Amino acid sequence: MLKNTASTACPRRSVGSVLLEFFGSMNLAITLLIVIAIASVIGTVLQQNEPYTNYVRKFGPFWFEVFKSLGLFDVYSSGWFLLLLGFLLFSTSVCIWRNTPHMLRDMRNFRLDVKEKSLRNFHLQAAWESGHDAETAAARSAAMLASRGYRVRQARQGEHCTVAAMKGSAGRLGYIFLHVAIVVICLGGLIDGNLPLKLKELRGELRAETRDIRASEVPLESTLGVDNPSFRGSVSIPEGGSSKVVFLQLRDGYLMQQLPFSIELEEFRLEYYSTGMPKSYESDLIIHDDGLEQPLRQTIRVNHPLEYKGYAIYQSSFGDGGSRLSMRAWSLDLPQQEPVELQSGVNRSLRLTTTRGERTLEFTDFKLHNIFPVPEDEGSGKKFRNYGPSFIFRMRDPAGEALEYVNYMAPVEVEDRMFFMSGMRSSPAEDYRYLYIPVDAAGSPQRFMQLLAAAHDDVRVRATIKQQLADMVDDDEASRDVQEKMIGSISRLLDLFVDEGIAGIVKHAEENVPEEQRQGAIDSYINVLQGVLGVLYVEVLRDEGIMVADGISEADNRFYDDALNALSILGAYGSPVFLQLNSFEHIEASGLQITRSPGKDIVYLGCAMLMIGVFMVFYVHQRRLWVYVMPHEGGASLLFAGSGLRRREDFEQEFRTLQGELQQAVPPV
Amino acid sequence: MSVPTDYLQQEFKQDSWLRQLRGFDWLWGLLVAASSVYAHVRYADFMDNYEIGILYGTAGLLVWLGWTWKPVRQLSLVIALLSLLAISLYGGELSRGESNFFLKYMISSQSAIMWMSALYVMAMVTYYFAMIVRSDFSARVGSALTWSATAMGLTGLMVRWHESYLIGQDVGYIPVSNLYEVFILFSVITALLYLFYEQRYQNRQLGGFVLTVVSAAVAFLLWYAFARGAHEIQPLVPALQSYWMKLHVPTNFVGYGGFALAAMVALAYLLVDRRPSGWLAKRLPSLEQMDDVMYKAIALGFAFFTVATVLGAMWAAEAWGGYWSWDPKETWALIVWLNYAAWLHLRLTKGWRGRPLAWWAIIGLFITLFAFIGVNMFLSGLHSYGTL
Ligand code: HEM
């Protein structure tokens, strides 16, 4: 192929032509195609543009530096990769430059001047004598070929006349389209790429900001004006909020890009499938622009962006925009309950002075729906259950240690009893371990909290124990201080139980009771505690005004068991308070991506050419036919020959059929 | 210099392409047109304008296909009838899929796909048998099996489409949206491409080889269904809810199909090339012919893959806000594309033929496979369909 294309370079060997030779060479082109393909792999196996700290952790400081200097963390805009693309671009251009002219010429040139000798060397040829005289034979062949869709020319040179026919020359245009398309696409891409930013950065006019600060505080050297022709950034706007800037991620930092208008998020809507998967998310946007007489309102969805003044605004993600939370804090330590009302919100924090010292509450997230699969064993037909709203917060102690909690607002049904559910974990790596606080008739944790408070109330506890023991001991000095001792140790046991749960009791036994009697001791401890707590529970019921004279109801009994279970793991819960969510105001945030890419249309033009070109190149191929006619003994002798650029096999078939038809049009004698 | 005179041209006049169409061709055209209009009216509420455009575009394509490659008609008719039957049997109730015998064992999407799987494997075995014993009859049986497998596969997809809407109006989607579904598409398209060349060259000897790659896909399909429950119809994430899906994915898989076909032919080529006068050589097509098929398959694949990648870029521009993000899936598409571009240049401009290019075509298939499953398995990115 190359024989009649590339190698027709000008003979003069100036430096320029040598360079042309080099860049236009097919070998370079093919090498580039392969090298670029291989280089592109890097960026797919190595996560690009992550925070540098991640890389350091992954590769260690040494390799981090090496990779960084090679630009491997942002391969596709690293100098050497762009250079490779540049080479391909140049090579393709040179290739077009050198091939186009003669290809165009070739499309028009019928090669009427072929010599008989060269035709005889063709792979596809046939010769025969016919009764027709040369003139007619030529005319008839020409007509036949023309009727088969060939473009035909005839010429008579002295004795003989030549019929030259050609078809599918457009295939050559295909080549030109295809390769020009590649150049066009690359150029369009260049316009939209971040090369300009790179240059500015090199000139020191730009610096990526790495601190997490408010937009107003971002320094000028990290800010891009509205004159920046192309960028691709993102911003998260809470409902009711608005933004005049977007942020472009740049390696381990970001740049702030100003917009000529401001985007307000009126409302964000998230819809779910029954499986809890998000079905759609959409944002009602309002564009405020001095250019507009009234603000522009538009709803965008994934796959349905908003185009405005060459800026495209896309729905890309969502999150919490600082939902307001009002909570009731129940102390888990105090001897009498007066719950405290708290106000805060997501992404905000709160300082509490608790029985265990200073605590900071950092509210990290709020979820309106928590849809989880229902475990198979549960007989209900439903596949999924919505556990309703929940909020997540971290509780940090002065030492900086934090525990993470997730509390559900609505009581959750477990084995047809209702509980407040609160999960705790000490690191995101773990699963939550859940505390189930039984819900009283009024639908509040009140009763449980009263019981807990009572258990913390030393006076009350001692009184109760005393009562319990009263009938066991008789009233004399000796037994009275035995009693005192017992009261002391039992109340200590109780404290242990509510502070550390069963574990505490067991530990206590292990420390004070010899191996063989231990189990017995533990059982009797539990008995005693149950007795005491039971009495306290009855008192709590009585305070609620429930008649307990004639026995305790089945429900209240079960409540007691659940309460004991809750108490026994309270120790591990690790928090001095329980936060109950009373009410909330859900504020969502919409993650928008905003781009400006003037090169897009150029790229699309290139794409169109590419698609047309590639099909032309493959499915329109140039074929040439010649009928060389000479007078021969009153008749004429015909030499029919053909050459096709590609698809020899197909062309050979076509040639043979045409030969047959030709031999009917101009029959052999 | 003179130009041929008209009366002479009249003498040799040949009917134009359209004139050569017979009554049946027009009937076919009418049928397709009518049914697409019906589909339009019937399902107007479920389609936006783009999708309506796609509907008629597809109809046009189908008419043209049926004219240029006649068997497509029978195939489409069978698929249409089976699908309509399934739809009427369902009568708007998914549960019938369990209760109704015919649905349960024949043409509920899952059963149809099982039939497809079985038939493709049988076809492969038959083709190999035919090749070994040189029996033309068994070879024909092989083609028949392949045709029916293809019919079942496409029916399965059509019915699955309907089923997805029976699960929920808001769930429904065209079943080319996750790894499970595109593997069905891949098998079907590869088989169809092979059948085309089979008829074009009037020679069935390569059937076994090509059906091997299809059967491999089928094997994966079965594993994926039984081990991972991938056949469960899951609703689409927002990013995939777009008409682009209907353009981008099928185009892409014509590309993959072409590359797969080329690789299998290349394999046959290399086997013959090792012993030019060996036992296989007597049973397989000539080296020239295989080389030719290999080139044509890659050309076809390349052309469609180019279009698919462009469509993908346009979709990306609409969904993610950038026509090119160097996302792993995109990047691997580019890698595949560059690879075959190099292949084509070596063949066309450097005149390479035969063995090296055959090897390259086989390696090319592995690169393609990685682009199409590997990326979802090993790399993370924006492409949110089917991870393993
Ligand atoms: C991304 C880069 C390129 C792509 C995707 C590409 C693609 C193609 C394709 C698909 C063909 C048709 C092959 C066939 O018909 O079998 C082709 C032909 C050709 N390409 Fe490229 N090409 C690229 C770069 C280049 C470069 C850099 C050169 C020059 C050094 C070049 C020179 C040629 C030539 C001479 C032909 C033969 C045209 C003909 O005679 O019809 N290509 N190219």
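The values are calculated or read from the model by the stated rules, or taken from the named source; none is laboratory data. A quick note: this is a predicted structure, and the numbers were derived from the prediction, not measured. So basically every Cβ, Gly included, is an ideal-geometry build from the backbone, and we count neighbours across all protein chains shown. All accessible areas refer to the heavy atoms of the entire protein, side chains included, with ligands and DNA or RNA removed. Shrake-Rupley method; radii C 1.70, N 1.55, O 1.52, S 1.80 Å.
Annotation: of all residues in the stretch B:233-245 being buried (at least 20 other Cβ atoms within 10 Å of the Cβ) and farther than 17 Å from B:G321 by Cα, the one that is nearest to the other protein chains (Cβ to nearest Cβ) is B:P235.
Counting only residues that are among the β-branched types (V, I, T) and within 8 Å of another protein chain (Cβ to nearest Cβ), which one in the stretch B:293-340 is farthest from A:Y604 (Cα to Cα)? Checked the stretch B:293-340; the qualifying residue farthest from A:Y604 (Cα to Cα) is B:I335. When the residues of the stretch A:283-293 are filtered to those that are over 11 Å from A:P260 (Cα atoms) and at pLDDT 90 or above, the one that is farthest from the other protein chains (Cβ to nearest Cβ) is A:I286. Scanning the stretch B:259-318 for residues that are among the basic types (K, R) and over 22 Å from B:A191 (Cβ atoms) yields B:R274, B:R275, B:K282. Please indicate, with yes or no, whether at least one residue in the stretch A:174-194 is within 16 Å of the ligand (Cβ to nearest atom), over 26 Å from the mean Cα position of the chain (by Cα) and hydroxyl-bearing (S, T, Y). Yes: the stretch A:174-194 contains one or more residues that are within 16 Å of the ligand (Cβ to nearest atom), over 26 Å from the mean Cα position of the chain (by Cα) and hydroxyl-bearing (S, T, Y). Residue count for the stretch A:580-599 under the criterion of being surrounded by 17 or more Cβ atoms within 10 Å (Cβ to Cβ) and in contact with a helix residue (DSSP H, G or I) (Cβ under 7 Å, 6 or more places away or on another chain): the result is 2. Applying the criterion of at least 2 residues that are modelled with pLDDT under 85 and not β-branched (V, I, T) to the strands (runs of 3 or more DSSP E) found wholly in the stretch A:343-427 leaves A:371-373, A:384-386. A:V666 falls short on exactly one of the conditions (1) away from every other protein chain (no Cβ under 14 Å); (2) open to solvent by less than 10 Å² (accessible area, probe 1.4 Å); (3) of a type in the set (V, I, T), and that condition is (1).
Could you please find all residues in the stretch B:357-366 being surrounded by fewer than 18 Cβ atoms within 10 Å (Cβ to Cβ) and either within 22 Å of B:T309 (Cα to Cα) or within 16 Å of the ligand (Cβ to nearest atom) (or both)? Matches in the stretch B:357-366: B:I362, B:I363, B:F366. Exactly one residue out of B:S88, B:S76 is in a helix (DSSP H, G or I), hydroxyl-bearing (S, T, Y) and surrounded by fewer than 17 Cβ atoms within 10 Å (Cβ to Cβ): that is B:S88. Can we say A:I30 is within 12 Å of the ligand (Cβ to nearest atom), over 24 Å from the mean Cα position of the chain (by Cα), within 14 Å of chain B (Cβ to nearest Cβ) and at pLDDT 85 or above? Criteria met by A:I30. The residues of the stretch B:322-348 that are open to solvent by less than 20 Å² (accessible area, probe 1.4 Å) and outside any helix (DSSP H, G or I), listed by number, are B:G322, B:D327. Taking the criterion of being of a type in the set (V, I, T) and more than 7 Å from chain B (Cβ to nearest Cβ), the residues of the stretch A:33-44 that qualify are A:V35, A:I38, A:I42.
Among the residues of this structure, B:F253 counts as one that is within 21 Å of B:A316 (Cβ to Cβ), in the same structural domain as B:L287 (by TED's automatic domain parsing) and buried (at least 20 other Cβ atoms within 10 Å of the Cβ). Given the condition open to solvent by 50 Å² or more (accessible area, probe 1.4 Å), modelled with pLDDT under 95 and either among the aromatic types (F, W, Y) or not in a helix (DSSP H, G or I) (or both), answer yes or no: does some residue in the stretch B:135-153 qualify? There is at least one residue in the stretch B:135-153 that is open to solvent by 50 Å² or more (accessible area, probe 1.4 Å), modelled with pLDDT under 95 and either among the aromatic types (F, W, Y) or not in a helix (DSSP H, G or I) (or both). Please indicate, with yes or no, whether at least one residue in the stretch A:303-315 is closer than 17 Å to A:F391 by Cα and either buried (at least 16 other Cβ atoms within 10 Å of the Cβ) or of a type outside the set (S, T, Y) (or both). For the stretch A:303-315, residues closer than 17 Å to A:F391 by Cα and either buried (at least 16 other Cβ atoms within 10 Å of the Cβ) or of a type outside the set (S, T, Y) (or both): absent. A:E135 meets each of the listed conditions (1) open to solvent by less than 40 Å² (accessible area, probe 1.4 Å); (2) more than 60 Å from the chain's Cα centre (by Cα) apart from (1).
Among the numbered conditions (1) within 14 Å of chain B (Cβ to nearest Cβ); (2) in contact (Cβ under 8 Å) with a residue 12 or more places away in the chain, the only one that A:E159 does not meet is (1).
Taking the criterion of being more than 10 Å from every other protein chain (Cβ to nearest Cβ) and part of a helix (DSSP H, G or I), the residues of the stretch B:279-292 that qualify are B:W279, B:L280, B:A281, B:K282, B:R283, B:L287, B:M290.
For the stretch A:40-57, check the following and say yes or no: at least one residue is in contact with a helix residue (DSSP H, G or I) (Cβ under 9 Å, 6 or more places away or on another chain), of a type outside the set (D, E) and within 16 Å of the ligand (Cβ to nearest atom). Yes, because at least one residue in the stretch A:40-57 is in contact with a helix residue (DSSP H, G or I) (Cβ under 9 Å, 6 or more places away or on another chain), of a type outside the set (D, E) and within 16 Å of the ligand (Cβ to nearest atom). Identify the single condition in (1) open to solvent by less than 30 Å² (accessible area, probe 1.4 Å); (2) over 52 Å from the mean Cα position of the chain (by Cα); (3) among the acidic types (D, E) that A:D556 does not satisfy, given that it satisfies every other one. Here A:D556 meets the rest and fails (2).
Keeping to the stretch A:394-434, report how many residues are out of contact with any Phe, Trp or Tyr (no Cβ under 7 Å at 6 or more places or on another chain), over 23 Å from A:S583 (Cβ atoms) and of a type in the set (K, R). Summing the residues that are out of contact with any Phe, Trp or Tyr (no Cβ under 7 Å at 6 or more places or on another chain), over 23 Å from A:S583 (Cβ atoms) and of a type in the set (K, R) in the stretch A:394-434 gives 3. Here A:D440 clears all of (1) in a strand (DSSP E or B); (2) among the acidic types (D, E); (3) touching a residue at least 12 places away in the same chain (Cβ under 8 Å) except the condition numbered (1). Does B:M294 meet the test of being of a type outside the set (F, W, Y), open to solvent by 10 Å² or more (accessible area, probe 1.4 Å) and not assigned by TED's automatic domain parsing to the domain that holds B:I189? For B:M294, the condition - of a type outside the set (F, W, Y), open to solvent by 10 Å² or more (accessible area, probe 1.4 Å) and not assigned by TED's automatic domain parsing to the domain that holds B:I189 - is not met. So in the stretch A:612-648, with the set limited to residues that are in contact with a His (Cβ under 7 Å, 6 or more places away or on another chain) and over 20 Å from A:R111 (Cα atoms), which one is farthest from the ligand (Cβ to nearest atom)? Out of the qualifying residues, it is A:G635.
Determine whether the stretch A:33-43 contains at least one residue that is in contact (Cβ under 8 Å) with a residue 60 or more places away in the chain and either part of a helix (DSSP H, G or I) or open to solvent by 50 Å² or more (accessible area, probe 1.4 Å) (or both). Scanning the stretch A:33-43 turns up no residue that is in contact (Cβ under 8 Å) with a residue 60 or more places away in the chain and either part of a helix (DSSP H, G or I) or open to solvent by 50 Å² or more (accessible area, probe 1.4 Å) (or both). Looking at (1) surrounded by fewer than 22 Cβ atoms within 10 Å (Cβ to Cβ); (2) within 16 Å of the ligand (Cβ to nearest atom); (3) facing chain A (nearest Cβ under 9 Å), which is the one condition that is false for B:W352? So B:W352 meets the others, but not (3). Looking across the stretch A:88-117, just one residue is surrounded by fewer than 14 Cβ atoms within 10 Å (Cβ to Cβ) and within 12 Å of the ligand (Cβ to nearest atom), and that is A:W97.
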